[in-house]
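*Asks:* So that we are looking at the same thing, I have put the structure below in C-alpha cells.
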Amino acid sequence: MASLLVTGGAGFIGSNFVHYWLRSHPGDSVTVLDSLTYAGNLASLEPARAEQRFRFIHGDILDRECVDRILSDHSIDTIVHLAAESHVDRSIHGPGAFIQANLVGTYTLLEAARTCWLKDGSPGNGRFHHVSTDEVYGSLGPEDPAFDEDTSYAPNSPYSASKAGSDHLVRAYHHTYGLEVTTSNCSNNYGPYQFPEKLIPLMLVNALHGRALPIYGDGMNVRDWLFVEDHCRGIEAVLLHGRSGRTYCIGGNTERTNMEIVRQLCLHLDERLGSEPSLQERFPDCPASSGSTCGELVSFVKDRPGHDRRYAIDATRIEGELGFRPVESFESGLALTIDWYLRNESWWRGIMDGSYRQWIDTNYGS
Ligand code: NAD
Ligand code: TYD
C-alpha cells in the first residue's frame, strides 16, 4: 500500500491524476498539497474528497516546514510533483512567479525528500516523480525528427526554461545523492478540469458564448495532443515500472496545427448544438444555435512573442520499455472533453470571473 503526495493536485492534470489513482489503486492513500493559485480549484477534487484515503492540504511547496511535516506525518513514500505555474503567456508577462514555483519549489521538495528518505544515507525509501513538459526541448522545424529523451534542451519561454531547470535539479539529486527519481516530459494535454486559458477549453467556452476565437499568428503552429487520462496512465506506468534515474517522453502521436484543432472543435459544436434544442436554449449566443457555424468566430490576433513553431514526441522508449500507449484517439478524446464541459457548466462558470477576462483582454485583446 503506497502513500502518495501529489503536489498541484487541485490543478488540471493533478486532479485528473488523483481521480485516476484512487480509482485504479484502491489500497493507496493520496495527499494533495496545493497552494490554490488562480489555476487550482477545490471543485476539481470534489469527487475525491468523500474518500477516507484522500486528504487535501492547503500549502505551498516553497514552505519547507510544511513539506517536511507532510512527508513524516503521512509516511509519504511517493511524490508525484505537478505543482507549477504552467501557462506560457503568463510566463511572458511575469516570469518571476515561474522561477519561484517551478525552480525553487522543485528544489524545496527535493531537499525535503532527500532529508526524509535518505536519512541514513541509504537510498530506496521513496520515489520522486517529476512531471515535466516537451517544451524544454525547444521548437522543431517541419521536417525535424520528433523530440526524444536524448534531444538537447533548448527552452525558449520563461515557462519552459523554469521547467528545464527543474528537470536538471531532479537529475542532479539522483546522481549526487542517490535519490530515487523519474521524470516524464509530456506533450500538450487536454480534457476535463482544464482552466479555460489554454487553447481547447478557451476556444470551447468562447464559441459557446459567441465570442471571438483568437488564433495567434497564422495558426500553423503544431502541437502533439494527449488526452489527460492517457497522461495519467503514462505517469502510472513510469511509477510502477520505470527505472530510477530515467526520463520518459510521453506523447499522443497526434500532431495538429492550431487551426486544425479549432476547426475540428467548431465542427463538433456545430453538430451537437445544431441537433440538441436543450443546448441551443442554454447557449443562445453560440452561432451553431441559430443554424450558423462556430467557424465564423475565428479571429487572427498578434502572435505570442517567441512562439514555438512545432512540438512532437517520439514515444519509443515508454512504449518499448513500459508497454505504454494512449487509449484515446484525438477524435474520441475531444468528444469526451466537449461532453464534459457541456455537462459541467457550473465548474467552468465558477472560475470565469471578471479578473481573468480582464487579464486576457489587456494582454491579448485583438
Ligand atoms: P495547472 O496550472 O492546471 O495546475 C497547477 C497546480 O499547481 C494548481 O493547482 C496550482 O494551484 C498549483 N501550484 C502552483 N504553484 C504552487 C505552489 N508554489 N505550491 C503548491 N501548489 C502550487 O497545471 P497543469 O496543466 O495541471 O500542469 C501540471 C504539471 O504538468 C506542470 O508541472 C506542467 O509543467 C506539466 N505539464 C503540463 C502539460 C499541459 O499540457 N497542461 C503538459 C506537459 C506537462
Ligand atoms: P496553450 O494551450 O497555451 O499551450 P502551450 O503554449 O503550452 O503549447 O497553446 C497551445 C497552442 O495554441 C499554442 O501554439 C498557442 C496557441 N493559442 C492560440 O492560438 N490562441 C489562444 O488563445 C491560446 C490560449 C493558445
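The values are calculated or read from the model by the stated rules, or taken from the named source; none is laboratory data. Here the structure is a predicted model, which is why all the values come from computation and not from measurement. For neighbour counting, all protein chains shown are included, and Cβ atoms are generated from backbone atoms with ideal geometry for every residue, glycine included. These area figures cover heavy atoms from the full protein model, side chains too; ligands, DNA and RNA do not enter into them. Shrake-Rupley method; radii C 1.70, N 1.55, O 1.52, S 1.80 Å.
*Asks:* Using a 1.4 Å probe, what is the accessible area per residue for the chain, in Å²?
*Replies:* 41
*Asks:* Related question: Might you report the magnitude of the Cβ-based charge dipole of segment 169-296 about its Cα centre, with Lys and Arg at +1 and Asp and Glu at -1, to the nearest 20 debye?
*Replies:* Charge dipole of segment 169-296: 500 debye, to the nearest 20.
*Asks:* Further question on the same structure: Based on the alpha-carbon set only, what is the convex hull volume of segment 55-140 divided per residue, in Å³?
*Replies:* Considering the Cα atoms of segment 55-140, their hull volume per residue is 117 Å³.
*Asks:* Counting only residues 5 or more places away or on other chains, whose amide H sits under 5 Å from the amide H of Asn189 once H atoms are built in the peptide plane?
*Replies:* Amide H neighbours of Asn189: Leu226.
*Asks:* Given a Förster distance of 22 angstrom, what is the FRET efficiency for His87 paired with Lys302, based on the Cβ-Cβ distance and rounded to 0.05?
*Replies:* The value I calculate is 0.80.
*Asks:* When you count, for each residue, the other Cβ atoms within 10 Å and take the mean per peptide, how do 12-20, 284-292 rank with the highest first?
*Replies:* Per-residue mean Cβ counts within 10 Å order the peptides as 12-20, 284-292.
*Asks:* Could you tell me which Cys residues in the chain have no other cysteine's Cβ under 4.7 Å from their own Cβ, answering none if every one has a partner?
*Replies:* Cys66, Cys116, Cys186, Cys232, Cys249, Cys286
*Asks:* Please quote Rg/Rh for segment 266-311 to two decimal places, taking the Kirkwood radius as Rh and restricting both calculations to Cα atoms.
*Replies:* Dividing the radius of gyration by the Kirkwood radius yields 1.21.
*Asks:* How large is the charge dipole for segment 1-73, taken about the Cα centre, if only the Cβ atoms of Lys, Arg (+1) and Asp, Glu (-1) carry charge, to the nearest 20 debye?
*Replies:* Using Cβ point charges on Lys, Arg, Asp and Glu, segment 1-73 gives about 220 debye.
*Asks:* Now for a separate question. Please turn the phi angles of segment 137-144 into ³J(HN,Hα) values with the Karplus equation 6.51 cos²θ - 1.76 cosθ + 1.60 (θ = phi - 60°), one per residue in order, whole Hz, x for glycine and proline.
*Replies:* Working through the residues one at a time gives 8, x, 10, 9, x, x, 9, 5 Hz.
*Asks:* For segment 189-200, in order, what is each residue's ³J(HN,Hα) by Karplus, 6.51 cos²θ - 1.76 cosθ + 1.60 with θ = phi - 60°, in whole Hz (x at glycine and Pro)?
*Replies:* Whole-Hz 3J(HN,Hα) from phi for segment 189-200: 9, 8, x, x, 6, 8, 4, x, 10, 8, 3, 5.
*Asks:* Considering segment 280-335, what Rg and Dmax in Å follow from its alpha-carbon atoms?
*Replies:* Looking at segment 280-335, its Cα Rg and Dmax stand at 19.1, 51 Å.
*Asks:* Here's a follow-up. Give me log10 I(q)/I(0) at q = 0.06, 0.09 Å⁻¹ for the chain, Debye formula, one equal scatterer per alpha-carbon, no solvent.
*Replies:* For the requested q values the scattering log ratios are -0.22, -0.49.
*Asks:* Working out 0.36 nm times the residue gap between Ala97 and Leu42, then minus their Cα-Cα distance, what length gain in nm do you get to one decimal?
*Replies:* 17.7 nm
*Asks:* Counting just the Cα atoms, what span does segment 224-366 cover along each of its three principal axes? Round to the nearest Å and put the largest first.
*Replies:* 53, 37, 28
*Asks:* How do the peptides 301-307, 243-249, 71-77 rank, highest first, by the average count of neighbouring beta carbon atoms within 10 Å per residue?
*Replies:* For the peptides 301-307, 243-249, 71-77, the packing ranking is 243-249, 71-77, 301-307.
*Asks:* Can I ask one more? Ratio of segment 1-120's C-alpha Rg to 2.2 N^0.38 Å, to two decimals?
*Replies:* 1.04
*Asks:* Write down the Kirkwood hydrodynamic radius of segment 1-69, to one decimal in angstroms, obtained as one divided by the mean of 1/r over all alpha carbon pairs.
*Replies:* After inverting the mean inverse Cα-Cα distance, the result is 12.0 Å.
*Asks:* Treating only the Cβ of Lys, Arg, Asp and Glu as charged (+1, +1, -1, -1), what charge dipole size does the chain show about its Cα centre? Round to the nearest 20 debye.
*Replies:* With only Lys, Arg, Asp and Glu charged at Cβ, the dipole is about 500 debye.
*Asks:* In the chain, if the dipole is taken from +1 on Lys/Arg beta carbons and -1 on Asp/Glu beta carbons about the Cα centre, which of Leu169, Ile318, Val67 is farthest to the positive end?
*Replies:* It is Val67, whose Cα lies furthest towards the positive end.
*Asks:* Next question. Positive end of the dipole of segment 146-244, charges at C-beta (+1 Lys, Arg; -1 Asp, Glu), about the Cα centre: which of Gly210, Val238, Gln194 has its Cα farthest in that direction?
*Replies:* Of the options given, the answer is Gly210.
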